[in-house]
Amino acid sequence: MSTTLTTTAGQREAAPARPAYRVTGRRVLRAEWAKLWSLRSTWITLGLGLLFLVAFGLIAATRYRSGIGSGRMDRDFARSTAVSLSLFGTNFAQLALGVLGVLVTAGEYSTGVIRSTMAAVPRRLPVLWSKAAVFGTVALVLGTAGAFVAFVFGSRILSGTPAALGLSHSGVVRSLLGAGLYLGLVAVIGIALGALLRSVAGGISVLVATLMLIPGLVTLLPTSWQSDISPYLPSNAGQSMFALTQDAGALSPADGLLVFLGWTVLALAGAAYRLVRSDV
């Protein structure tokens, strides 16, 4: 009997210690990366965002090329440059990327996956930061690549016209990089809205209203109010980031970036507060 007890105790002492698994930032990032690419909607929506960015830019350049010298071109359109024409699809691409950002977070609440996610990462906030970092980086890379592709091919269409520009022209590279950064931040705002509202429909509605409807409603205000409010709206501040030339009253690219970063931080702060304070 004593021999058996001694043998059992010896086996227990010789048994290897159970490995301790820790929740680290790198592991959370890897998990969010895997979840992002496991969704079919990711591939479809990113493809649509890239298609919108490139296709609408080429369509705008082709329209300008066919209309130049006809005398029937709109005056504002006639003053366009290769940069503004190539980035014409940014307004459409932002919707695709922003909507996907909402789906990435709010979709987990609608399916109940968020419970498993928070059980694996009890501190919660690393999940939000990782989702924003992963998808924001993906959108940044895609938006920047799409902007350069649209400009390179659009410049060939516009060659020999007053709108023609090259990458070596002052401000061109900055504008293209600014467009990619803008789309990356829009994606982060979509992530934040999805986490804040926890509703796909609600997040998309607020996103569309913020980027497209509110700027139009502001034009109904008195002119003195418009000049004080309009430049600081998210969409207008974002467009200042990649505009080659600034209209009167518009923010500079640096100021536009700071204002848009402020809106992004505000959205993330709201999402973080609700994530910490509310049950999933």
**Study point:** Furthest towards positive pole of dipole, Ser80, Trp225, Thr105, structure part the chain, Cβ charges
**Key:** Thr105
**Study point:** For region 160-171, Karplus couplings with θ = phi - 60° (6.51, -1.76, 1.60), whole Hz, Gly/Pro x
**Key:** x, 9, x, 7, 4, 9, x, 4, 7, 5, 4, x
Check your understanding: What are the ³J(HN,Hα) values, in whole Hz, obtained from phi via the Karplus relation 6.51 cos²θ - 1.76 cosθ + 1.60 with θ = phi - 60°, for each residue of region 25-33 in sequence order, with x given for Gly and Pro?
Key -> x, 5, 5, 5, 4, 5, 5, 5, 4
Study note, to complete from the structure: Taking the reciprocal of mean 1/r across every pair of different Cα atoms in region 94-237, the Kirkwood radius in Å is 17.2
Review point. For region 209-280 and region 159-202, what is the separation of their C-alpha centers, rounded to whole Å?
Key: 13
Revision key, fill the gap. Scaled by the rule-of-thumb 2.2 N^0.38 Å, the alpha carbon Rg for the chain gives a ratio of 1.31
Review point. FRET efficiency for Ile68 and Ala201, Cβ-Cβ distance as r, R0 = 41 Å, nearest 0.05?
Key: 0.40
Check your understanding: In nm, to one decimal, how far is the Arg40 label point from the Ser224 one, both placed 7 Å along Cα→Cβ?
Key -> 5.7
Check your understanding: By how many degrees, between 0 and 90 and to the nearest 10, does the Cα long axis of helix 125-157 differ from the longest principal axis of the chain?
Key -> 30
Practice item. Identify which of Ile189, Ile157, Ile68 has the largest mean-square fluctuation in a Gaussian network model of the chain, with springs joining Cα atoms closer than 10 Å. Key: Ile68
Review point. When the Karplus curve 6.51 cos²θ - 1.76 cosθ + 1.60 is applied with θ = phi - 60°, which whole-Hz ³J(HN,Hα) does each residue of region 43-53 get, with x for Gly and Pro?
Key: 5, 5, 6, 5, x, 5, x, 5, 4, 4, 5
Revision key, fill the gap. Expressed in Å to one decimal, the Kirkwood Rh of region 93-155 from all distinct alpha-carbon pairs is 13.4
Point to revise | Three-way shape call for region 178-227 based on the alpha-carbon gyration tensor, with the a/c threshold at 1.5 | key: oblate
Check your understanding: Mind listing the Cα extents of region 33-172 along all three principal axes, in Å, largest one first?
Key -> 64, 28, 22
**Study point:** Computed FRET value (nearest 0.05) for Ala164 with Leu51, which takes r as the C-beta separation and R₀ as 30 Å
**Key:** 0.75
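Can you tell me the dipole magnitude for the chain around its Cα centre, using point charges on the Cβ only (Lys, Arg +1; Asp, Glu -1), in Debye to the nearest 20?
Result for the chain is approximately 820 debye, rounded to the nearest 20.
Please state the charge dipole magnitude for region 110-229, taken about the Cα centre, from unit charges on C-beta atoms (+1 on K and R, -1 on D and E), reported in debye and rounded to the nearest 20. Numbers along the way, then the final one.
Working: 7 positive and 1 negative charges, 94 e Å.
I would put it at about 460 debye.
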Point to revise | Largest to smallest principal axis extent of the C-alpha atoms in region 200-280, angstrom | key: 47, 28, 19
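Quick note: the coordinates plus some simple rules give every number you see, no bench work behind them. Just so it is clear, the model here is predicted, and its values are computed rather than measured. Because the Cβ atoms are built from the backbone with ideal geometry, glycine has one as well, and the counts that use them run over all protein chains shown.
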